[in-house]
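What follows is a short report on a single structure.
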Amino acid sequence: MVKHLYKYSADDINIRIAVPDGFHKDENYIRSVKPGGTGIGADDHKHLFNYKSLSTLFEKQGFVSYLKNIGMKKVSSVQHTLMIISV
């Protein structure tokens, strides 16, 4: 899917994706959201991404990704970007 997204998207596309945080420090949270987890909606989760694994997935197809912490200045725009928001 990511390969097709890159191929058919405009150069100035910015992608925003919200997923559970695979690096979350609370083990109960991880147990709740992981594939097959105990939380509501976890039964259809296929992957537990973190900012590194999600970035790698998109970068392999040619996207440029960068981590943006809340409160940071806006990073200048680059072509085919994936912004990973850290809260």
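Please treat every number below as a calculation from the coordinates, not as lab data. Since the model is a prediction, treat every value here as computed from it, not as a measurement.
Things worth noting here:
- Between Asp11 and Asn50, full extension at 0.36 nm per residue minus the direct alpha carbon distance yields a gain of 11.5 nm.
- Over 20 Å (Cα to Cα) - which of Lys3/Lys60; Lys3/Lys52; Lys25/Lys52; Lys25/Lys60 fall in this group: Lys25/Lys60
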